[in-house]
Structure formats: C-alpha cells, structure tokens
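The structure appears right after this line, and notes come after that.
The values are calculated or read from the model by the stated rules, or taken from the named source; none is laboratory data. What you see is a predicted model, and the numbers here were worked out from it, not measured in a lab. All Cβ positions, even for glycine, are placed from backbone atoms using ideal geometry, and neighbour counts span all protein chains on display.
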RNA sequence: GUUUGAUGGGACCU
C-alpha cells in the first residue's frame, strides 16, 4: 500500500512475492485474494504465481485441491514446469501418496521435462522416510547415471535416512563421498549425523562429530544443541545436558520448546519429576508455549510416579490451552491407569474416547485402539459389549478386528455379543455372517 | 529481484 501511495505500481514480481509470503504462512485465502486483485489490475499471473499458490496448498495439506489450479494455469496457456512438478511431487510424498508422486514423475518425463536434482532428492527423501533406504540408494545411482550431480541436499537427505535406520557406517561413507566430490557437509548434514549417534546411544561419537563441525568452522544452531541435549538426556547425563543449555545461551541462541521438552523428558526418565515441573514452569516464565509433546512428556512423568491425578490435571490444562491431546497422550494416560491396576478406569477412558469421538479426526483411530486395548481379553470383550450396547457397531467391529490381528482367538462370548448387537441394529445379514464365521472356527452357537 | 527438495523433543511395539 505504501509503495502504491508513493506512485510505485506493483508488478507481477511484487505480487508473486506477496503471494508466496501468504502461501508459506498458511494464509492461502489471502494468497488467492491477491491472485484476484492481480486480474483486476490487468496483471497476468505467470508460472511463478501459480507455483507459489500450488506450494501453499501442498504445505497446507490441501494437495487434492491443486488439480483445479493446475487446470486453470494450463487453460491460461501456462505450461507447468519443473518447479510445478517438483512441488506437486513433494506434496504427494508428504501426504504419503508415493504412487501419485511417481506417476507425476513419469508424467513430467512424458511432457518432455527433465527431472532434476530436486525431483530426485524429493523422491529419495520419501523413500528414506518410508524406511526404504536401499531403494533410495538405487535412485541416487539412477540420477548419477543420468548425468545429474547429487548436491548437498541430496547427500544430506540420504545420510539422514541411514542415520535414522541406525546404519551409521553407511551414513559416514556418504559423508566421505560428498566431501570427495567437493561438497562441504552443512550444519544440517552434521545435525543428522549427530542425531544418528544419539539415537544409538553413542554420545561420545555425537560429541566428536560436534567438535568436528566446530573445527570445520561451522556454527551450530538450535537443532544441533537440542539434538545433543537429547543425546545426553537419553544417556542419563543430565548435568552435561544442562551445561549445553548454558552454552547455547552464551552463543546468543535462544532455547525453544523442543530444547526444553528434551530436558523435561530427561529429568522424568531419571525420576526427577519435581525438577521437570520446575523446568516446565521456567519455560512458561520465559514466554515459551508448551505443545502436545511437552505436555505428554510431563504427563508421562507423573504417570510413572503413579500420580494420575496430576497427570489428568495437566491433560485438562492442555485442553484449556487449546492443545488437543493426541494418540500418544491418550495412550500414556491409559497405560498410566493400567500400571496402577486401575484397569476399570483405563477401560472406561478408552471407551469414552472411542464412544465420544474424543479422538481428533486427524489422529489414527486404529493406532490408538491398537496401543490401548488390554492384554486381557475380558476387558476388551467388555469394551466391545459397551460399544454394542450403544449401537456403535462400526467401532465395536474395529476393536474386534484389531484383537484378531493381534492373534487373539475369539470365543463364543464375543460372537454372541456381536451377533446380538448386529441384530438389535437391524443388520441381520451381518449377524448371520458372524454366525457362520464362528462355526468355521469350531465354536458352537448356543 | 519472486516459486520446488534435507536436520532436533513424547507412550506402546521392535
């Protein structure tokens, strides 16, 4: 607005910059408003405009809505380019739809576009994150064969994959390889390697890597410090972790929620829940907002001490603060109750969660039930019975299904309950199917 | 001059 008042007319690049800004911050609506005002001012959006918008949709988890935009840009005579495809491929990858990503990859080839380093790195990243490191390696070789040079990102992506897989020797091998090619491992590369060593409990190697990166003149960032702090905490070296907290402050870095959560977890693991609470309050005083992880960590700490009351108080507090407890939070609470032999309450909580749809949509139902159903067949049967009585047959079936996946052999009691439930809900067909199923298992209907 | 890819914290399981 200021530039317009002063007589500067915004051009396409100005708009693109703004659109991109809004896209990245998640205000997609604002971004689209800007697209409209471009038209109103007689400015033609270009490929960059559309790419920025598509990226905004992808990052906002709305990959499905990109189709419209894509068609619109083609209709306006704009051809999708490498950036368009790379953006979409990344979007589908992150959504977990590797199939669509790969078919976009071949589509771009068909259209005469040449997949570039970014395309390959995106795919390699997804393969790694899906645990298919070997396949990712094959993609690396494929891109080399095609005359593409893997860059810093490519190597770091692969190194991170091997680190998470627990294969440090190969990770280091690739670090060598990238250095041999004249690529200097970046802070991110080092962070991945440090993390890898921390994961396997090799804090010495992690520290050595940290020292090595300092020698190379690299400046550690918050991720580096949080990672190391996590590593020390994991090994029970709380004191070292806290001296790192001082050290990073001395370097002008500001510890964030993740740093504190790692420390809180470290304290809880050492059964120093009181100290963990103190630290929790200290982070509040510093103006840091705890998130789901922080709360769940502390809740778990209290459960470990058998302090269920405090655990639920924190649960309420997190809800009041607008944070929705997720699968892990519930799983922690339920296991906490079970450990206290408060099985009935645990089952009641699980029932309430399933019945009241307390589980946020995005959270995986199956995972929750899978993690929380009892080792004891009878409480699960009780759960199914409860759900049947409320007419929640789909949910009841889900629990039944998961029990069977866990190789529990159903007995005649469960079948009677389910058959009764289906009949009461008017689904005689389903009831009859269950009857046949139980006969097949050699159970005798009574 | 504007658009795409890599790194850190929570339960259970391994």
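Across region A:32-65, the number of residues qualifying as part of a helix (DSSP H, G or I) and under 24 Å from residue A:14 (Cβ atoms) comes to 22.
Residue A:176 is checked against (1) over 25 Å from residue A:265 (Cα atoms); (2) within 12 Å of RNA strand B (Cβ to nearest atom) and fails just one. What number does that condition carry? Here residue A:176 clears every test but (2). Among the residues of region A:186-223, those identified as more than 13 Å from RNA strand B (Cβ to nearest atom), over 27 Å from the mean Cα position of the chain (by Cα) and assigned to a loop (DSSP other than H, G, I, E, B) are A:216, A:217. In this structure, is residue A:125 under 25 Å from residue A:26 (Cα atoms), within 12 Å of RNA strand B (Cβ to nearest atom) and surrounded by fewer than 18 Cβ atoms within 10 Å (Cβ to Cβ)? Here the answer is no, as residue A:125 does not meet what is asked. I'd like to check something: does region A:9-26 contain any residue that is more than 9 Å from RNA strand B (Cβ to nearest atom) and under 30 Å from residue A:146 (Cβ atoms)? There is no residue in region A:9-26 that is more than 9 Å from RNA strand B (Cβ to nearest atom) and under 30 Å from residue A:146 (Cβ atoms). Restricting A:113, A:140 to residues that are without any contact (Cβ under 8 Å) to a residue 40 or more places away in the chain, in a helix (DSSP H, G or I), buried (at least 16 other Cβ atoms within 10 Å of the Cβ) and within 12 Å of RNA strand B (Cβ to nearest atom) narrows the list to A:140. Considered as a group, the residues in region A:52-69 that are under 22 Å from residue A:123 (Cβ atoms) and surrounded by fewer than 15 Cβ atoms within 10 Å (Cβ to Cβ) include one that is farthest from the chain's Cα centre (by Cα), and that residue is A:67. For region A:144-156, the criterion of a residue being modelled with pLDDT of 95 or more, touching a helix residue (DSSP H, G or I) at 6+ places or on another chain (Cβ under 7 Å) and closer than 18 Å to residue A:197 by Cβ is satisfied by at least one position. For region A:1-20, residues that are at pLDDT below 90 and within 16 Å of residue A:58 (Cβ to Cβ) total 0.
Matching residues to (1) within 8 Å of RNA strand B (Cβ to nearest atom); (2) crowded, with 22+ Cβ neighbours inside 10 Å; (3) within 26 Å of residue A:232 (Cα to Cα):
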site	(1), (2), (3)
A:264	yes, yes, yes
A:286	no, no, yes
A:291	yes, no, yes
A:307	no, no, no
A:317	no, no, no
